[in-house]
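K.L.:
Dumping the structure here so I can ask a few things about it.
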Amino acid sequence: MTVTAYAAATSCAHGEPLLFHVQAEPSDLPVRVSVADATDDRRVLSARVDGPEWTLTVPADWPSSLYRARFLAPGQADADLPWPREQQLPGTAVSPPNEVYFVVRPAVPRSPVLLSVPFTTWQAYNRAGEPGQSIYWTEEPTRASRVTFDRPGGGPPPERWEEGMLRWLRPAGYTVDLCSNLDLHDGLDLLSGYRLLIVSGHDEYWSASMRDAAEEFVRRGGNIAIFAGNTCWWQIRLEDDRRTMVCHRDPMTDPSPDPRLVTTEWSAAPVNRPENSLTGVSFRQGAGAWGPYMPLILKESYTVRFADHWAFEGTGLADGDPFGQGTLGYETDAAEYTEVMGVPRVTARDGTPSSFVVLATADLRHWSAYGQGGAATMGVFTSGRGTVFNAATINWGNALDDPVVDRITRNVIDRLSAPPGPAEWEVIGPAADMVAVAGYARSLFGVGAGGILHVRELCGQNLPWRPIADAGGVRCLDVPREAAAGLGIGLYGVTPSGVLRHRPLPAGSGGWTDVCRAPAGTIALAIADGRFYAATTAGRLHCLAFADVPGAAWADIGPSADAVALSGMTGRLYAMDAGGAIHTRLPPGGDEDEWRTLSRGDSCVVPATFTAHAGRLVTAGPAVPLRWRAV
């Protein structure tokens, strides 16, 4: 007797019915079904199946999870294949046609975390290599351009890239909700109930609506953690109420009248929408080792490039250390980057957002002898109000027995699923002995304790400071938003002897010149709305309009909030006191004529100086890393 089956949907909510179509040969023999939680093999139901259809109404007490229904002939054993452990490749067993996988999702969110199961990729590989049955193999003319979910198979491919993460989460202490990735099609309402979406394993096929929902979710403040590779590589269309997946791969054969929806690579013409804007990285820059060369996965490791980043907290790693052996493959994603004084910085020419911070890299160019040579780039970036982390490799979840991989995964999930709270300081560079900092455009300028002016890009990457000139003897800095009253844009600072000085920007366009005298004891300077503000050692705040510079008639306008550093941003003043507390007020004449405290003192900013620029506060000092946080 042979039994085959498929379900009418890839997911259903608690309390909903899920219809299964069952075919048995010969048809007069009884069939039974055994349903198990596929993440731990726990049996949850056994039943008799009478006829070609069987309906399951999902009990409310079943955990949201991936489930496996096995339809069995009389006497057929319901046995699980062993799951490989420790430094082995993923399993090699093909899901038989009598197995049906489906997700139970909660009727309402029960967790801040939602994990998507890539049924579209599983269906794309269903009956791989059989002419007309599968979207594979990629270059063969006999591949299908459309496949249906109304057929047996469509479970995890032989390598089972998702299984490691699915089996790790619950024992690791995480309760997460699951969905089918088809639920992300028009899925913004679904996503809006969560703080974090996890993409795991091999999630290669995305519809435009799936991608639109995910990108809008992030823009609105949701987060995505991608523990996967080759993510969102092909655009698909879903038809027949999401029961048919269309992917021509070849734009010449796709009849779509809308070039935006042509089913080809996302980064290719005529779509021209690189997946990097969603994921940060792309398989176009990545690497792959297939077939008999897959054991190469066990030999490769990442190299740490930003050990002070929160993703590596508690790992004990240092820049340059290898980690994660066994995670890289069988496909990886990467971003184009250049080395800046030994630190990687994305170029953003390939569609990767400029906010992308490179955390780790792997040089896999030698894989060109085995499949596709390239690289792997682990990183994190912001888009709108949300954050996206990307491990950039398919096999990440199957190496979670590695303590470092485990800790990085926990750091990401814990941070990105946490309830919204006060803005947190993030490390963006190494400690440096700076006595003053100021931002201009995309640059951060600093006056070193040795009297040298330094610069670095103002970004989240851990770039080193680059010395560019003499600091002109100043010990505080700020930059006006615009020129006024004959005073140009540039760096302004005050010397210990009380001279206000100016240096034009961009750097290299001129040296320091004297502007006027500053109040005695000036230790901090801010510029806002065409006025200079100076804080003194006596705890007083003085003001001088640009138009009044010739007479240098500074006015005492009140207490300085005991500022040791000042800055101006969008017409507002910011001050940091010796304890690291941040205060703010509007200039005189505004609705706030007194200082109010934004944040209490924090050991991460003491002792330090700071500046306010482009919506962020930035702190620097000799004993702490360079950090920033949103206002």
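The values are calculated or read from the model by the stated rules, or taken from the named source; none is laboratory data. Not measured: the values here are computed from a predicted model. Please note: Cβ atoms are built from the backbone with ideal geometry, for glycine as well, and neighbour counts cover all protein chains shown. The area values use the complete protein model at the heavy-atom level, side chains included, leaving out ligands, DNA and RNA. Shrake-Rupley method; radii C 1.70, N 1.55, O 1.52, S 1.80 Å.
K.L.:
Can you name the residue in segment 309-335 that is assigned to a loop (DSSP other than H, G, I, E, B) and within 16 Å of the chain's Cα centre (by Cα) and is also nearest to Val404 (Cα to Cα) among such residues?
P.N.:
Taking the candidates together, the pick is His309.
K.L.:
Same structure, new question: Considering Gly510, Gly486, which residue is surrounded by fewer than 17 Cβ atoms within 10 Å (Cβ to Cβ), modelled with pLDDT under 95 and more than 27 Å from Arg456 (Cβ to Cβ)?
P.N.:
On the way: Gly510 fails: more than 27 Å from Arg456 (Cβ to Cβ).
When all the criteria are applied, what remains is Gly486.
K.L.:
Sticking with this one: Pick out the one residue from Ser567, Ser599, Ser560 that is surrounded by 22 or more Cβ atoms within 10 Å (Cβ to Cβ) and farther than 22 Å from Tyr440 by Cα. Write out each step before concluding.
P.N.:
Details: Ser567 fails: farther than 22 Å from Tyr440 by Cα; Ser599 fails: surrounded by 22 or more Cβ atoms within 10 Å (Cβ to Cβ).
Within the list Ser567, Ser599, Ser560, the selection yields Ser560.
K.L.:
Scan segment 450-503 for residues that are in contact with a Ser or Thr (Cβ under 6 Å, 6 or more places away or on another chain), more than 23 Å from Ala614 (Cβ to Cβ) and assigned to a strand (DSSP E or B) and report the count.
P.N.:
Summing the residues that are in contact with a Ser or Thr (Cβ under 6 Å, 6 or more places away or on another chain), more than 23 Å from Ala614 (Cβ to Cβ) and assigned to a strand (DSSP E or B) in segment 450-503 gives 1.
K.L.:
For segment 340-403, give me every one of the strands (runs of 3 or more DSSP E) that falls completely inside it and has 1 or more residues that are of a type in the set (A, V, I, L, M, F, W, C), within 13 Å of the chain's Cα centre (by Cα) and buried (at least 21 other Cβ atoms within 10 Å of the Cβ).
P.N.:
Of the strands (runs of 3 or more DSSP E) lying wholly inside segment 340-403, those with at least 1 residues that are of a type in the set (A, V, I, L, M, F, W, C), within 13 Å of the chain's Cα centre (by Cα) and buried (at least 21 other Cβ atoms within 10 Å of the Cβ) span 357-364, 374-383, 386-390.
K.L.:
Name every residue in segment 278-308 that is under 18 Å from Val346 (Cβ atoms), open to solvent by less than 60 Å² (accessible area, probe 1.4 Å) and under 19 Å from the mean Cα position of the chain (by Cα), in order of residue number.
P.N.:
Correct list: Leu278, Thr279, Gly280, Val281, Ser282, Phe283, Gly286, Tyr302, Thr303, Val304, Arg305, Phe306.
K.L.:
Report yes if some residue within segment 183-195 is free of Cβ contacts under 8 Å to residues at least 60 places away in the same chain, of a type outside the set (Ser, Thr, Tyr), within 21 Å of Gly221 (Cβ to Cβ) and crowded, with 19+ Cβ neighbours inside 10 Å; otherwise report no. Full working, then the answer.
P.N.:
We begin by selecting, within segment 183-195, every residue free of Cβ contacts under 8 Å to residues at least 60 places away in the same chain; these are 185-189, 192.
Next, from what is left, pick out any that are of a type outside the set (Ser, Thr, Tyr): 185-189.
Still in the list and also within 21 Å of Gly221 (Cβ to Cβ): 186-189.
From what's left, crowded, with 19+ Cβ neighbours inside 10 Å: 187.
Checked segment 183-195: at least one residue is free of Cβ contacts under 8 Å to residues at least 60 places away in the same chain, of a type outside the set (Ser, Thr, Tyr), within 21 Å of Gly221 (Cβ to Cβ) and crowded, with 19+ Cβ neighbours inside 10 Å.
K.L.:
Then there is this: Go through (1) surrounded by fewer than 19 Cβ atoms within 10 Å (Cβ to Cβ); (2) modelled with pLDDT of 95 or more and name the single condition Glu424 misses.
P.N.:
That leaves (2) as the condition not met.
K.L.:
What strands (runs of 3 or more DSSP E) completely inside segment 1-61 contain at least 2 residues that are of a type in the set (D, E, K, R) and within 41 Å of the chain's Cα centre (by Cα)? Explain how you work it out, then say what you get.
P.N.:
On the way: elements: 2-7, 11-13, 17-25, 31-37, 42-49, 53-57.
In segment 1-61, 42-49 are the strands (runs of 3 or more DSSP E) which contain 2 or more residues that are of a type in the set (D, E, K, R) and within 41 Å of the chain's Cα centre (by Cα).
So that you can scan it fast, the table gives a plain yes or no per residue for (1) free of Cβ contacts under 8 Å to residues at least 12 places away in the same chain; (2) over 23 Å from Val624 (Cα atoms); (3) touching a Phe, Trp or Tyr at 6+ places or on another chain (Cβ under 9 Å):
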{"site": "Gly373", "(1), (2), (3)": "no, yes, yes"}
{"site": "Ala376", "(1), (2), (3)": "no, yes, yes"}
{"site": "Ser383", "(1), (2), (3)": "no, yes, no"}
{"site": "Asp406", "(1), (2), (3)": "no, yes, yes"}
{"site": "Ala431", "(1), (2), (3)": "no, no, no"}
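K.L.:
Please state which one of Val427, Val435 is in contact (Cβ under 8 Å) with a residue 40 or more places away in the chain, among the aliphatic types (A, V, I, L, M), assigned to a strand (DSSP E or B) and farther than 23 Å from Ala318 by Cβ.
P.N.:
Val435 is the lone residue from the list that is in contact (Cβ under 8 Å) with a residue 40 or more places away in the chain, among the aliphatic types (A, V, I, L, M), assigned to a strand (DSSP E or B) and farther than 23 Å from Ala318 by Cβ.
K.L.:
For the condition of a type outside the set (Val, Ile, Thr) and more than 30 Å from the chain's Cα centre (by Cα), what is the one hit in Arg616, Arg629, Arg600, Arg585? Break it down into steps so the answer makes sense when it comes.
P.N.:
Working: Arg616 fails: more than 30 Å from the chain's Cα centre (by Cα); Arg629 fails: more than 30 Å from the chain's Cα centre (by Cα); Arg600 fails: more than 30 Å from the chain's Cα centre (by Cα).
Being of a type outside the set (Val, Ile, Thr) and more than 30 Å from the chain's Cα centre (by Cα) holds for just one of Arg616, Arg629, Arg600, Arg585, which is Arg585.
K.L.:
Then there's this: Looking at Ser277, Ser209, which one is touching a His at 6+ places or on another chain (Cβ under 7 Å) and either in a helix (DSSP H, G or I) or closer than 20 Å to Glu336 by Cα (or both)?
P.N.:
One residue alone meets the criteria, Ser209.
K.L.:
I've got another one for you. Within segment 326-335, does at least one residue satisfy the condition of being surrounded by 20 or more Cβ atoms within 10 Å (Cβ to Cβ) and more than 22 Å from Thr231 (Cβ to Cβ)?
P.N.:
Checking segment 326-335: not a single residue is surrounded by 20 or more Cβ atoms within 10 Å (Cβ to Cβ) and more than 22 Å from Thr231 (Cβ to Cβ).
K.L.:
For residues that are under 20 Å from Arg616 (Cα atoms), of a type in the set (S, T, N, Q) and modelled with pLDDT of 95 or more, tally how many sit in segment 516-575.
P.N.:
Residues in segment 516-575 being under 20 Å from Arg616 (Cα atoms), of a type in the set (S, T, N, Q) and modelled with pLDDT of 95 or more: 1 in total.
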